Every structure is written in C-alpha cells, then in structure tokens.
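Scroll down for the structure; my scribbles are underneath it.
No value in this document is a laboratory result; all are computed from the given coordinates. Worth saying up front: this structure is predicted, and the values here are computed from it rather than measured.
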Amino acid sequence: MFFEEELEDVQGVQNPDDDCIQSVGPLATTKETPKRPRKSRKRTRQTDAGTNRAAQATLDATSSETSTSTTSGQQTRRKKMITKKERACLISHIKKCPVLELVKVHFQNNESAIFQQLLTAAAEPVLKSLINYHHNSFICLYEANSTGKDKYIAFQIQWHKYCSILLLPRNLQTQCLFSPPSYEMEMVRKHWLDFTINLQEGEDTCNKFMISFSSIIRDILLQETHICLNEISGVDGQGMTTQVANNDQNDVYFRFGGATLASMLHNRYKEIRSCSAVKRELISVEITILQAINNKDKSAIPAYLQYRDKGFMYFPDITFIPFIRAVDECAKQVVNEKGLKDHGDELIKVTHSIVKLATHLKSQLVDGLRSKMALDTDIEKQATDNVYDEMLRKLTNTRIQEFMSSFKQKMAFNSGHASTAGLNLRDQLLSQHVQVQSRVQLD
C-alpha cells in the first residue's frame, strides 16, 4: 500500500494541498511543481516510519504476551512434574509392591505348567530369585531413566537387555550382554538354567514362558507406578480417585481393629453357650487369642478415643497395628474407583482373593501373638488359623464398606442429591462394643 502511494506521487498526480501552498505572484511557474512530490515523498516516508514503529511496537507487545504465555505454560508444566521428594516416595512405593502375590493372581487365571512347578517347595528359591531380579532391575532402570525426552524408550531398551540374560542359550556366557555382569545376574541365570534342565518342556517353551513372565512383572510395576503418580496428583486421567484414604493414621486402625474384635468376641460368646464340648474347647482358645490381641493398657490410644471410652471399648494392642495396616493397604490396592470400574460387581470377590493371596500377612499376626502367648499345640494353631481368616475377612469388608459409603456420598454430591450414606460409619464401628451384652467366664 505504501509503495503504491509513493509511485503515484512520482508520476505527478496533483496533491490536494497544492492550491493552498502555491505562490500568489504572477511570476509563478510550473518549474517548482516537481518539488511538491518530494515533500509528499518525505511525508510518505515519515508516515511509513511511523507506521513501522507502530507495527514494531505491536509486534513487541505480541512477542511479550507470547513470551509471558510460554513462561506461564512452562510454569504450569513444572507444577505438573513431580518433585524429588515425590519421586523418592514413588520409588519407595514400587519397592513395597507385593509382586509375588500379584504374579500368582495372574497365573491363577492363566494356568502354566512351568509356573505351577515354580510354586513347589523345591523350586521356591528359584521363583523368589526371579521375582527379586526383575523387581530390582525395574527399580534400578526406572531411577536411571526417570528424566529426559525419550525416557520410556530408553527404559524399554534397557529392560529387554536385562531380561535377555534369561533367554541366552546355555553355551553362551552372560558377558556377551554385560561386561562385567553383576553377581545377581549370574546367580539368577544359574538358578533358572538349573531349574529348566529337569523340565520336560523344550527350550522354546521355557523362553516363551520367561518372556511372558518378564512382561507380566513389568506391567504390574508400571501399573503400580501409575497408581502412585495418580495418588500424588489426587485423581487419575478420567477424574476418578484411585485411593480411598492415602494417609490413614493409627487411630483409623484402632477403630477398624476394635470393631473387628468386638464383633468376633460377641459371636463367640454367643456361640459357646450351645455348642459341643469339642467345639467349645476350640472356641475358648479363639477367645483367649482375641483377648491377647485386645489392648489392656490404653495409654497408646489417641486422646479423643480415650475420652470416648467408658471402660468397655475394644482396641487392638499397638503390636498388631502393623498387621491391620498391612491388610488394609493390601485391600486398598483394589478398593478404589478404578477397581470398581474394572471389576464392577466382582469387586468384593476380587478384593478377598487378592488379600488371601498375601501370605506375608499371617506371619505378622503370628509373630505378634507369639510375643503374647504360646502357640505350640495343634488346637492353638487351628484357633490361630480361624482367627486370622475371620479377621482378614472382616477387616477387608470394613474397608470395602468405608469406600462404598464415601463413593455414594460423592456421587450424590455430584448429582446434586442429598445423602447420609456412611456419615456415621466410623461411629458405628466405635459403638460395636455396645452390642456385646453377654460375657462368659471360661475355666
């Protein structure tokens, strides 16, 4: 546009201002008229310069806004990145993942002859060695490849390399992949080769199983990683919470355990009145075990629970709080909104199955009981098994009920309806002792 105006002036187009600035005298000639376009050109250049300055100012302002927007976007992205403390928490969460139990759940649905042989007592060290190697390798590689643009690709490449030592032919050494290999690599490969040499399955079948085994562990640990990251952010990608209570303190487990003890004692006090002599002896031992779990000294109980206690409330001894917490943490891996969406009506069944497969829970309860009483006779061991199974079931049901109550409240709130579901659940747990109206003095 500006170049067209300058061209018109040069061609001698009459300027509207010429009538105002022409000489009045009779000697005025047309020789001076070519000077007019120069002034017009000068004026045009000034206009162009002013326009350019305005355009430059607009460009600077736009660049400033873009820079500010970019900086704001970078700050937003930085806020979404996890901190060092959160990354340490994530690694700690991965280390605590019960990989063995979750692998058993998978192969329970997909039967494998090789895995069934790994579950035997003779092959148990081999299975633990394989689990520990994959678990430790995942943690090591995740820490080493937790940053960078291509971190997931780098992790995948290294993961396949670490798992490939279990697929090498017998005549090849581990040094062909790692120089030098670690002691753990050498030992896990030795255990696996010694185990497969006695199998009827061929080498190809064993390799296919190992590929599947490694992939399952990787998927399990990646899923646990995503669950922990969702807990840090509070919700998952679809806005669903993945955890019911992330930071439950001991007072929660005092209440859960106290309600469980009150219910179990109440049922046994009622049943022992009208049972056979043999069963009466077993129930009496179970009551003794439950009374050992019950806390006589309530100094470790939170102050507000002591205030509510009138002398008849049941609370587990502080020794058994880690056991109750471990059961609850195991249940919470499934009892969340994602688990409800994945399993639907099967949520309760799946939760109980996973908790039962966590064999390490029983050892925690037995260790706590041995510090309180002797468990040497067969009837004491049978009573311990009965108490463990029922406590496991009741604690799991308590967590499920807690989740479902809070979920109903959330759904009612989102839909704009009123709901009183679960508002008094924990008060009901605290008042379980009120239902215990009978006491039986045992000899």
Expected vector for the stretch 331-345, Karplus 3J(HN,Hα) from phi with 6.51, -1.76, 1.60 and θ = phi - 60°, integer Hz, x for Gly and Pro, equals 5, 5, 5, 10, 7, 7, 5, 5, x, 5, 5, 6, 9, x, 5
Taking only the alpha carbons of the stretch 250-435, what extent do you get along each of the three principal axes, in Å, biggest first? 56, 38, 33
Quick one: what are the phi-derived ³J(HN,Hα) couplings along the stretch 380-392, Karplus 6.51/-1.76/1.60 with θ = phi - 60°, whole Hz, x for glycine and proline? 5, 5, 5, 5, 5, 4, 5, 5, 4, 4, 6, 5, 4
Which residues' amide hydrogens lie under 5 Å from the amide hydrogen of ASN295, considering only partners 5 or more residues apart or on another chain, with H built in the peptide plane? PHE315, ASP317
Sequence-distant or interchain residues sharing an amide H contact under 5 Å with ALA358, placed H: which? none
Here the stretch 395-407 yields Karplus 3J(HN,Hα) values (6.51, -1.76, 1.60; θ = phi - 60°; whole Hz; Gly and Pro given as x) of 5, 5, 5, 5, 5, 4, 5, 4, 5, 5, 5, 5, 5
Past the 25 Å Cα-Cα mark, which pairs from LYS128/LYS341; LYS161/LYS190; LYS128/LYS338? LYS128/LYS341; LYS128/LYS338
Debye sum, Cα scatterers, the stretch 84-233, no solvent: what log₁₀ I/I(0) at q = 0.11, 0.14 1/Å? -0.45, -0.72
